[in-house]
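Written below as structure tokens is the structure these notes are about.
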Amino acid sequence: LAKTTQPISMDSYEGQEVNITCSHNNIATNDYITWYQQFPSQGPRFIIQGYKTKVTNEVASLFIPADRKSSTLSLPRVSLSDTAVYYCLVGFPLYNAGNMLTFGGGTRLMVKP
Amino acid sequence: GAVVSQHPSWVICKSGTSVKIECRSLDFQATTMFWYRQFPKQSLMLMATSNEGSKATYEQGVEKDKFLINHASLTLSTLTVTSAHPEDSSFYICSAFPSGRNTGELFFGEGSRLTVL
């Protein structure tokens, strides 16, 4: 299973761009990278998913270098409501793919006013 | 987007009693659902995979006789914590991939907080 490593916590201020990096050195050829956000006492919510290069949606961007051994979730101009735990998952997107179901420690982002 | 709903959102029970938590996919079918447990300040831990019409698959270290899972239809899975004890107090979350949609995006319920007195 592709293990992921993320910083335990990060602090930021409102309006800043936040970049959270996830290391996944043993990512497999077919693996995708998926990021989830979790607020206290809620289930996680999908943010973004990518395979290589750059993916952007309405809430975030995901940067994946050519070797795919890491990825960076970029949150533009964060607000207080972005305070949450962010999880990086790596695996092949089939419903029974173990990697896609295994959460690492996550990164606790605190956005300050 | 796909919606997963859990009920109850929170429950308090006495030690020794059993508690049932329901997980429903509201606008999609799910042949497989997943149950997680999360303790305070910790990550989600996969407990079991619930399969429609067949037995659930439990992760190592999870007692199948204590955490009964039933997946009777394509939109409903239930988790029953039997003879609950204070150490079972936790946040239980279910999730699912919509059947036939292999995007790798897991849809999660709101979670159910169990407190055993």
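Using C-alpha pairs under 8 Å with a sequence gap of at least 6, the mean separation divided by the residue count of region A:15-113 gives a relative contact order of 31 percent.
Contact order for chain B, expressed relative to its length and based on alpha carbon pairs under 8 Å spaced 6+ residues apart, stands at 37 percent. Charge tally for A:Val111 (other residues, Cβ to Cβ under 9 Å; Lys, Arg +1; Asp, Glu -1): -2.
Are there GluC sites (Glu not before Pro) in region B:27-63 that DSSP marks as loop and that have at most 10 other Cβ atoms within 10 Å, and which are they? Working shown, then result.
Numbers: sites: B:Glu52, B:Glu59, B:Glu63; in loops: B:Glu52, B:Glu59, B:Glu63.
Here the GluC sites (Glu not before Pro) that fit, given the DSSP loop and packing criteria, are B:Glu63.
Ranking B:Lys14, B:Lys66, A:Lys112 by Cβ neighbours within 10 Å, fewest first, what do you get? Don't skip to the end; give the middle numbers.
On the way: B:Lys14 8, B:Lys66 14, A:Lys112 11.
Ordered by Cβ neighbours within 10 Å, fewest first: B:Lys14, A:Lys112, B:Lys66.
When the Cα gyration tensor is reduced to axis lengths a ≥ b ≥ c, the ratio a/c is 1.5 or higher for region A:18-99, and with a/b not above b/c it is classed as oblate.
Is the shape of region B:24-117 rounded, prolate or oblate, going by the alpha carbon gyration tensor and its root eigenvalues a ≥ b ≥ c, with a/c under 1.5 for rounded and a/b larger than b/c for prolate? Write down the numbers at each step before the final one.
On the way: a/c = 1.95, a/b = 1.52, b/c = 1.28.
It is prolate, given that a/c is not under 1.5 and a/b is the larger ratio.
What does the charge count around A:Pro44 come to, taking other residues whose C-beta lies under 14 Å from its C-beta (Lys +1, Arg +1, Asp -1, Glu -1)? All intermediate terms of the calculation are to be shown ahead of the outcome.
Details: positive: A:Arg45, A:Arg108, B:Arg37; negative: B:Glu105, B:Glu110.
Around A:Pro44, the surrounding residues sum to +1.
The lysines within cross-link reach of A:Lys112, meaning a Cα-to-Cα straight distance under 26 Å and a gap of 8 or more places when in the same chain, are B:Lys41.
For the protein assembly as shown, what does -39500 (n - 2.57) per DSSP helix run (n ≥ 4), summed and divided by total residues, give at 222 nm, in deg cm²/dmol to the nearest 500?
Working: 1 runs with 4 residues, N = 230.
For the protein assembly as shown, the value works out to 0 deg cm²/dmol.
Here's the list of aspartates and glutamates a cross-link from B:Lys66 could span, going by alpha-carbon distance under 19 Å and ignoring same-chain residues fewer than 8 apart: B:Glu22, B:Glu87, B:Asp88.
Whole Å is fine, so just give me how far the alpha carbon centre of region A:57-80 lies from that of region B:1-59. A separation of 30 Å, based on Cα centres.
Calculate the mean, over all residues of peptide A:33-43, of how many other protein chain Cβ atoms lie within 10 angstrom of the residue's Cβ. Don't skip to the answer; put the middle values down first.
On the way: counts 1, 4, 0, 4, 0, 6, 0, 2, 7, 6, 16.
Mean shielding count: 4.
The Cβ shell under 11 Å around A:Glu14 holds other residues with a net charge of +1, Lys and Arg each +1, Asp and Glu each -1.
Rounded to the nearest 0.05, what FRET efficiency do A:Gln16 and B:Thr103 give with R0 = 25 Å and r taken as the Cβ-Cβ distance? Could you check? Don't skip to the end; give the middle numbers.
Details: r = 31 Å, r/R0 = 1.22.
So the FRET efficiency works out to roughly 0.25.
Rounded to the nearest 0.05, what FRET efficiency do A:Asn30 and B:Thr80 give with R0 = 35 Å and r taken as the Cβ-Cβ distance? Could you check?
0.45
The chymotrypsin sites (Phe, Trp or Tyr not before Pro) found in region A:43-113 include none that occupy coil by DSSP while having at most 10 further C-beta atoms within 10 Å.
Bear in mind these aren't lab numbers, they're just calculated from the coordinates by the rules spelled out. Remember, it's a predicted structure, so these values are computed and weren't measured experimentally. FYI the Cβ positions are ideal-geometry reconstructions off the backbone, even for glycines, and counts take in every protein chain you see.
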